[in-house]
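Throughout, read-outs are computed from the coordinates displayed, never taken from laboratory work. Everything quoted here is computed from the prediction, not taken from an experiment. Cβ atoms come from the backbone with ideal geometry, glycine included; neighbour counts cover every protein chain shown.
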């Protein structure tokens, strides 16, 4: 039995190609938004500007008092990655419309 992937098919129909590209761009924008929001939350928690009580603890969980430089840096990195993902997805979609 042979498995066929969408990437191995020879797709000549421009409408199908456009639909696949639109879906990819939408998924990238959604992933970028989630990464941006999560990065912002982690940055604000690391900077001790937002405090949220732990939920669904498995071990002895206690709230962290004070900021955390590690989470501020991780949050900033994820925030930038999310923004770049959104920007590049939207920039490519504008280029495609002009061509």
Check your understanding: Could you give the length gained on full extension between residue 34 and residue 91, defined as 0.36 nm per residue of separation minus the Cα-Cα distance, in nm?
Key -> 18.7 nm
Revision key, fill the gap. Residue span residue 50 to residue 69: 0.36 nm per residue of separation minus Cα-Cα distance leaves a gain in nm of 5.4 nm
Review point. Working out 0.36 nm times the residue gap between residue 15 and residue 76, then minus their Cα-Cα distance, what length gain in nm do you get to one decimal?
Key: 18.1 nm
Practice item. Would you please give the FRET efficiency between residue 83 and residue 57, computed as 1/(1 + (r/R0)^6) with r the Cβ-Cβ distance and R0 = 25 Å, to the nearest 0.05? Key: 0.20
Practice item. Mind ranking 68-75, 40-47 by how tightly packed they are, going by the mean number of other C-beta atoms within 10 angstrom, highest first? Key: 40-47, 68-75
Check your understanding: Sorted from fewest to most neighbouring beta carbons within 10 Å, what does the list 15, 25 look like?
Key -> 15, 25
Review point. Hey, fewest Cβ within 10 Å first, where do 65, 22, 36 land in order?
Key: 65, 22, 36
Review point. Taking only the alpha carbons of segment 16-98, what extent do you get along each of the three principal axes, in Å, biggest first?
Key: 53, 24, 15
